[in-house]
1. If the viscosity is 1.306 mPa s and the temperature 10 °C, what Stokes-Einstein diffusion coefficient in µm²/s follows for the range 32-121 when Rh is the Kirkwood radius over Cα pairs?
2. For the range 46-103, which GluC sites (Glu not before Pro) are in a loop by DSSP, counting at most 13 other Cβ atoms within 10 Å?
3. Reachable lysines from K85, Cα under 23 Å, same-chain residues fewer than 8 places away excluded?
4. Straight-line reach from K61: which aspartates and glutamates have Cα under 17 Å away, leaving out those fewer than 8 places along the same chain?
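What follows draws every value from the coordinates through simple rules; no lab data is involved. Remember, it's a predicted structure, so these values are computed and weren't measured experimentally. Every residue, glycine as well, gets a Cβ built from its backbone with ideal geometry; the counts of neighbours run over all protein chains shown.
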Amino acid sequence: MSALTARKRSRLEDRGQMSFLEDLDATIDRLLEEAGCPDEVVWTDEDISKLKKAMLLDALKQLRQVRLAKSTREEILGWIAHPLKSEGHADPFSFQDCCIASDLVAEEMQPHLLRMFVTQH
């Protein structure tokens, strides 16, 4: 990584892309300590399950949007189209894993969703 010159720092500050603070990391650490934020976040199985359900719902909501960016649509459809595992555990946070967390059968959902959203756009 290249060194940050005074000139480059000045340009970044002008664009609001860099703080005037000398040691931003130390300041962030101090603010987090004052706020009582833990050094480590602990996720329960229930928290992870909720996150997976929310990921699936968010993806489906986005696909229903008319003005969704083509790249976003392709990314979501690629996530849905990812090959399903027939044995063992699904890849973490894959479409299949999120379906399992949502009590849905990915093998049934995948072809219907792809048919619905690929032919639609």
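1. Numbers: Rh = 14.7 Å.
Estimated diffusion coefficient is 108 µm²/s.
2. Working: sites: E46, E74, E75, E87; in loops: E87.
Sites meeting the loop and neighbour criteria: E87.
3. Straight-line reach from K85, under 23 Å: K50, K52, K53.
4. E74, E75
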